[in-house]
Amino acid sequence: MFVNSLMKKIAGANYPAVSQSDVRNEEIPLPPLDDQKRIAHLLGKVEGLIARRKQHLQQLDALLKSVFLEMFGPRNSAYHDWPEVEIRSLASDNRGAMRTGPFGSNLLHSEFTENGDVAVLGIDNAVQNRFAWGEPRFITTEKYRELETYRIFPGDVIVTIMGTIGRSAVVPKDVPLAINTKHLAAITLNLQKANPVFLSYSIHSSPYILNQFKSKNRGAIMSGLNLGLIKETKLRHPPIQLQNRFAEIHQRVDEVKDSILQSLTDLEALYGALSQKAFAGVLDLSRVTIPHLDEEIPLQQTAPEPRPNPTPQFNLPKIPEGINLADKSQRASQIKMWLDAYIDSLYSGQELSASKFVSMASNALRLAEGIDPWGQPDQDQIKDLIFDALTSGRLTQTSAAEAGRSPLRKIVLHKAGPKIDR
């Protein structure tokens, strides 16, 4: 209401503005102080949830990058055995497997429409490093017949080559008939050699490729790449089975991210609706408790109620005979078995901090005979598995303040399932 009222008082053709006197004299609804506190408290709660969802998204991005570097970086003992290849060698043998969009007068902005038969993909569809629909751009079927060689296919990797360069995404399976603009390079891959998700992630997150892009950036006024530079960019070529495994992990993380993004969208809509109702004076605040932030905190706190029965102590299951811990696969399977047992113990009522579990598992591996350490330290690998359990939903996360506990990092059993406190 306040903003709408001021908008009506904007003056000036060249520099639209509102005078200071108009702002000073504008009347605003002023609810009672207690209601102000209730409104601030309620909106603050929603803001906290929004911030937490955004933090979860950042943590998932960090987790995925950590997994990628662990699988395809120098930490992998097989890294230096993989051949170094140019991106062009991973493309399909079909003519035009690597292409940019039509240039110059072949496709004018004036030919775009907001609705049409054929979609036109641009920078906005890949700038988030995941495929997303942005500004609606379409051309007619007649125009498409002139530009069929620029068609985009499901599973293609698209790369931004103008402005914000090096962003990449995989075209989804359900994409309608579409072409790309001159601001994108498109790559149709030989799926026997390269997984699109692996290559796309490598292009926007592999330090080796990013350093090459940085050295090849020849844009005088603005950043830019060209198709030739992308073709000759090099990367390590891991086995296709390992690439496919990463694509599966990426998909699971994306599913969790989609759920969080939907929750974030709902919370932002809720915040907007609550704000409008609150400042319009139509929000029911009768059930919102007034926060007494300035209330003096007593020095003596009520002692916690004693536990009725002590919980049994968690012990790691023994390592089965015949397990060779020097073997990467068997070592990882053993750690996963311990984690499964640990999660089961949480559901049965036991409590053990996450750091204690990591320490127990790491020490057990070091004490076992025949260990040949590889890759990251065991503790890092165990922590990665815990984050994988969080990603899959087997564990969920909450803050220490929410759980009413001390800020010690530990996993505890809640009604909704085990949660990890920070």
**OP:** Go ahead and run the numbers for FRET between D344 and S275, Cβ-Cβ distance against an R0 of 45 Å, rounding to 0.05.
**Re:** 0.50
Original post:
For the residue pair A332 and I319, what label-to-label distance in nm results when each label sits 7 Å from Cα along the Cα-to-beta-carbon direction?
Top reply: 1.8
Original post:
What does the accessible area per residue of region 156-216 come to in Å², with a 1.4 Å probe and no ligands, DNA or RNA counted?
Top reply: 37
**OP:** Show the residues, 5+ positions off or on another chain, whose built amide H is closer than 5 Å to the amide H of I152.
**Re:** A178, I179, N180
Subject >> Protein accessible area in region 178-271, 1.4 Å probe - carbon and sulfur % >> reply: 53
Original post:
Order of 328-334, 268-274, 284-290 by packing, highest average Cβ count within 10 Å first?
Top reply: 328-334, 268-274, 284-290
Original post:
Spin-label point model (7 Å from Cα, Cβ direction): what's the E248 to Q58 distance in nm?
Top reply: 3.2
Original post:
So which trypsin sites (Lys or Arg not before Pro) in region 156-253 end up in coil per DSSP with only 16 or fewer other C-beta atoms within 10 Å?
Top reply: K173, K182, K193, R218
Subject >> Heavy-atom accessible surface of region 61-135: percent carbon and sulfur, 1.4 Å >> reply: 48
Original post:
Can you give the extra length, in nm with one decimal, that the chain gains between D124 and L261 once fully stretched, where that is 0.36 nm per residue apart less the Cα-Cα distance?
Top reply: 47.5 nm
Original post:
So what's the gap between the Cα centers of region 267-288 and region 112-165, to the nearest angstrom?
Top reply: 40
Original post:
Expressed as a whole percentage, what fraction of the accessible surface of region 12-54 belongs to carbon and sulfur atoms when a 1.4 Å probe is rolled over the protein heavy atoms?
Top reply: 53
Subject >> Rounded accessible area per residue of region 22-147, 1.4 Å, Å² >> reply: 60
Original post:
Given the alpha-carbon gyration tensor of region 134-229, what are the semi-axes of its equivalent ellipsoid in whole angstrom, ordered largest first, with each equal to the square root of 5 times an eigenvalue?
Top reply: 24, 18, 11
**OP:** Step through the table entries K257/K318; K65/K231; K318/K356; K37/K277; K193/K234; K143/K257, compare each Cα-Cα distance with 26 Å, and write down the pairs that go over it.
**Re:** K257/K318; K143/K257
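The values are calculated or read from the model by the stated rules, or taken from the named source; none is laboratory data. All values derive from a computational prediction rather than experimental measurement. Cβ sites come from the backbone with ideal geometry, for glycine too, and all protein chains shown count toward neighbours. Ligands, DNA and RNA are stripped out before the accessible areas are found, and what is left, the full protein with its side chains, is counted by its heavy atoms. Shrake-Rupley method; radii C 1.70, N 1.55, O 1.52, S 1.80 Å.
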